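K.L.:
Have a look at the structure that comes next, please.
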Amino acid sequence: MVRLMFLLYITSQVYIVKSQSTGDLRINGGSPENKGRLEILYNDTWGTVCDDYFDNIDASVACRQLGYCSGILLRSEFVTNGNETIWLDDVTCSGNESRLIDCTYTKSHNCHHGEDVGIDCDVICPEIGDLRLVDSTTSRRRDEGRLEIYLNRVWGTVCEQEFDDIDAAVACRQLGYRTGVAIRSGLIYDGTGPIWLHGLGCNGSESKLTDCTNSYLTYCSHYLDVGIQCLFNYPTKDHGNLRLIGGQNRNEGRLEINLFDEWGTVCHDYFSNFEAVVACKQLGYCTGIVLPSKNEDDGNGTIWLANVDCEGNEEKLLNCSYDSYVTHCGHQNDVGIRCFITCPTQGHLRIVESAKEHEGRLEIYMNGVWGTVCRDFFDDIDATVACQQLGFCSGKALHSYNVVDGTGVILLDDLHCSGIESRLMTCSYDPITTDCGYYDDIGSMEVGVLGLLGVPAFVELTNFEHVIAQTQHLCMEDSIVKDIQQNKETVVYFVIQVNESVGLSPGNMSIKKATLLDKRRATKLQKSRTRKFKTERKRLKEMKLSKNSGLEIREGKTYKSEIGMTEQNVDEIEMPGPPEIREFTDNILTAPILIFDLETTGLQRTSDIIQIAAYSQNNKFSSYIMPNRAISNGASAVTNISVIGNQMYYNLQPVPSKLQTEAFTDLNDFVKSFPVKPLLVGHNIKRYDCHVLYNSLRFHNMWNEFASNISGFLETLELFKVLYPKSPSYSQTALVGELLGETYSAHNAVDDTEALYRLVQSKGDIKCNIQALVFSANYPKEFSHQQDNLQTFTDAIFVKLFLEPLH
């Protein structure tokens, strides 16, 4: 009987389980077990909590309910996303609750799982005066962050006012480190709860921060919460010093910084002229600019800083905000700068954002700041005045898509020079620039040597002296002009030979161009003084503000116009286009059609691809691609693609993504899988998509392989203009609606490719229409090399005329 009762007792114990009830909590998706995503049981189902208004006070309540002493909120990028129901939103606790469900909250929410709450609970209970570091720049760094102190059984912050490196050293020694330094509040996240200490005055000998003198009852705000970085070794005397390496001159080169007695580099990401100025001032110069990355040799060793962000008034680069844990940047992205001893004065000019010193975005210094110039009415005469002020002979205006967008303020608009001014500021201009966007920034290109293109490529020798006399913008010395005249036959036929070798038309435009330039300057100067001219100029400006409307009526809203940028027209390029090679190695009539589309971080042809898709009858490919630069607000609004931390989102839902190298390798493998080289088909690709694709693949040395596996490109925008010459709109969205009677989610690469495929298939066999509209895989490469060819042309003539003896 006793044995039977014992067996019944043991059996009953086996089936005893802890019951679960609404409001129970658990930590999931983390390691160790006290750290991870917070989940709550509601209606017998586990779900997550949204992080809206969730702070460290709420985290402490949750951790105490779980049996821990206290806890803190984890930043969202360190929390794995859940897939259950989101039960709670807008949680607000006072700190005295025993269960999280006793706090105030809302059941309805506007969250996605990228906002799931994560908590980090304290295993060891804190004692009065204990310190901790929270909200560091990365979860792997426990030696830096916002300093918090435990007083009155509540964690609180320390005010930054009067807090210095001596106070930081005392705090770090209390935390078990050898020493430490204070980091400014802009480098850390604002805290919550009480601000316990203010006006600390440590002498350096204290063992605990509470031993220092302080003020408890002085007003302070959480945006002044102090942060510290603790060190196991004392900083050397060179800690934070800068140097320039590998430049042609002492004032330029790759920027390196010394941290912990080791020289390392700085990542180029988001490093702008603001940061360059701070670095140059620390080096003893007056100001500076960023150099294009390809101008500098790659460094080696540690990459110490990334995402550097300066306000411009810092004394040292280390006083700016930055990420000190760098995983996404390679030495090919090391930043280079050029520093200047002379400080700019009112009206000073500079050319920036270019690999060539004589071309790029034009900036002017006014009222103590650098700013850009709007390209409205900016022409070659205005560019010549700017270039002559910079010490060149002449100049010409670059098209806006050849200019990297500026930042800061736009200082001049509606610039109008007669051509006789010595400084750009003496030309007439409008200081009100509200109708100008950064996509209207102008660039100017010096043509002092490039002006040799004015020497006739093909012209009768009897007119040669006339050409030299008319081409006044060459700015040559008399002796050089005389040498050219004496050796005119050699020069002329050499120019013809070089011209043809780089694919430029020989022509005889030089005489006409030089003559027209003189006439134009005189006419413009005379007209600019009349009231009629000023009235017409005002009318043209008003027309510019609404010039998108006519284009949209004709072709519908485009990706660019929806972002707010005037559609770029390749036909307006001033330089001669590359030859469109039509000698295809494959028969395009038998090539399979492969529809492709991509979405990008912005409007430039050098933008990063963030989504790419390709679609054919039996095959499809798609990938979201993690960009190396920020997605512009306009592009994110159009595509609904965003990046938070290391996670990409589409329509606020997390999506899997790949790094660029992996995605482009997969794309190449996909294209190679076709038994016959496919013909890539897209809408408006000749103006934009194929150029972005070329630049992206070329950066990773993958373009040649990709181009060898395709038959060419087909532009469907031109195709439908041929098929439907009277259509009111040629945008893809409008064509799908008009011809298929459908609507779809535009500006998603997958949906765009599938819609275009249905649109093309609805026309039956289009092969009879495409031969005249197909362009070679070499086209983007040839287009990109236009300016390189022109520079090669210039350099070759310069060597022939000035470095080789003429006989």
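FYI, it's all coordinate maths here, none of it is from the lab. This structure is a prediction, so every number in the text was calculated from the model and none was measured. Note: ideal-geometry Cβ built from the backbone for every residue, glycine included; neighbour counts use all protein chains shown.
K.L.:
Under a 5 Å amide H to amide H cut-off, with H placed in plane at 1.01 Å, what residues pair with residue 241 once short-range neighbours are removed?
P.N.:
It is 258, by chain and number.
K.L.:
Something else now. Using the per-residue mean of other Cβ atoms lying within 10 Å as a proxy for protection, in what order, highest first, do the peptides 38-51, 641-654 fall?
P.N.:
38-51, 641-654
K.L.:
On to the next question. As a quick test, which of the pairs 208/237; 620/726; 620/658; 620/677 have an alpha carbon distance above 24 angstrom in this structure?
P.N.:
Listed pairs above 24 Å: 208/237; 620/726.
K.L.:
Right, something else. Order 343-349, 129-135, 609-615 from most to least packed using the mean count of other Cβ atoms within 10 Å. Walk me through the intermediate numbers first.
P.N.:
On the way: 343-349: 14.0, 129-135: 18.7, 609-615: 24.1.
Answer by packing, highest mean first, reads 609-615, 129-135, 343-349.
K.L.:
Across the stretch 703-714, in residue order, what do the Karplus-derived ³J(HN,Hα) couplings come to in whole Hz, using 6.51 cos²θ - 1.76 cosθ + 1.60 with θ = phi - 60° and x for Gly and Pro?
P.N.:
5, 4, 5, 5, 5, 6, 10, 10, 7, x, 10, 10
K.L.:
For the stretch 672-769, which GluC sites (Glu not before Pro) pass both filters: DSSP loop (anything but H, G, I, E, B) and at most 14 other C-beta atoms within 10 Å?
P.N.:
Loop-located and lightly packed - 742.
K.L.:
Going by how many other Cβ atoms sit within 10 Å of their own, how do 87, 155 line up, fewest first? Show your work: numbers first, answer last.
P.N.:
On the way: 87 22, 155 28.
Taking fewest neighbouring Cβ atoms as first place, the list is 87, 155.
K.L.:
What's the extension gain from residue 640 to residue 203 if we count 0.36 nm per residue and subtract their Cα-Cα distance? Kindly include the intermediate steps, with their values, before the conclusion.
P.N.:
Details: separation 437, 0.36 × 437 = 157.32 nm, distance 5.38 nm.
Result: 151.9 nm gained on full extension.
K.L.:
Next question, about the same structure. Put a dot 7 Å past each Cα toward the Cβ at residue 428 and residue 346; how far apart are the dots in nm?
P.N.:
Here the answer is 2.2 nm between the modelled labels.
K.L.:
Quick one: length gained pulling residue 22 to residue 94 fully straight, 0.36 nm per residue minus the C-alpha distance?
P.N.:
Contour length minus the Cα-Cα distance gives 23.9 nm.
K.L.:
Related question: What list of ³J(HN,Hα) values in whole Hz, one per residue of the stretch 104-115 in order, does the Karplus curve 6.51 cos²θ - 1.76 cosθ + 1.60 (θ = phi - 60°) give from phi, with Gly and Pro shown as x?
P.N.:
Coupling constants for the stretch 104-115: 7, 6, 10, 7, 6, 8, 10, 10, 10, 6, x, 10 Hz.
K.L.:
Separate question: How do 202, 125 line up, fewest other C-beta atoms within 10 Å first?
P.N.:
125, 202
K.L.:
Exactly which chymotrypsin sites (Phe, Trp or Tyr not before Pro) in the stretch 192-276 are in a DSSP loop and have at most 12 other Cβ atoms within 10 Å?
P.N.:
216, 219, 232
K.L.:
State whether the stretch 131-231 is rounded, prolate or oblate according to the following rule on the C-alpha gyration tensor (a ≥ b ≥ c being the square roots of its eigenvalues): a/c under 1.5 gives rounded; otherwise a/b larger than b/c gives prolate, and the remaining case gives oblate.
P.N.:
Details: a/c = 1.44, a/b = 1.04, b/c = 1.38.
It is rounded, given that a/c, with a ≥ b ≥ c, falls under 1.5.
K.L.:
Further question: Evaluate the relative contact order of the stretch 242-340 (contact order divided by residue number), counting alpha-carbon pairs under 8 angstrom at least 6 apart; express in whole percent.
P.N.:
With pairs under 8 Å counted, the relative contact order is 36 percent.
K.L.:
How long are the three semi-axes of the equivalent ellipsoid for the stretch 593-784, computed from the Cα gyration tensor as the root of 5 times each eigenvalue, in whole Å, largest first?
P.N.:
For the stretch 593-784, the ellipsoid semi-axes come out as 25, 21, 15 Å.
K.L.:
Now for a different question. Just to verify a number: FRET efficiency for residue 239 and residue 69, C-beta to C-beta distance, R0 = 41 Å, to 0.05?
P.N.:
The value I calculate is 0.65.
K.L.:
Now for a different question. Please list, ordered by chain and number, the residues whose modelled amide H lies under 5 Å from the amide H of residue 730; skip anything fewer than 5 residues away on the same chain.
P.N.:
Here 555, 556 satisfy the definition.
K.L.:
Using Cβ contacts closer than 10 Å as the measure, can you line up 222, 683 from fewest to most?
P.N.:
With the fewest neighbours first, 222, 683 line up as 222, 683.
K.L.:
In Å and on Cα atoms, what radius of gyration and Dmax does the stretch 25-122 show?
P.N.:
Both quantities, over Cα of the stretch 25-122: 11.7, 31 Å.
K.L.:
Then there's this: Hand me the GluC sites (Glu not before Pro) from the stretch 90-166 located in a DSSP loop with no more than 16 other Cβ atoms within 10 Å, in residue order please. Numbers along the way, then the final one.
P.N.:
Values: sites: 97, 115, 127, 144, 148, 160, 162; in loops: 97, 127, 160, 162.
Sites meeting the loop and neighbour criteria: 127, 162.
K.L.:
Highest mean first, what order results for 666-673, 595-602 on Cβ atoms within 10 Å?
P.N.:
595-602, 666-673
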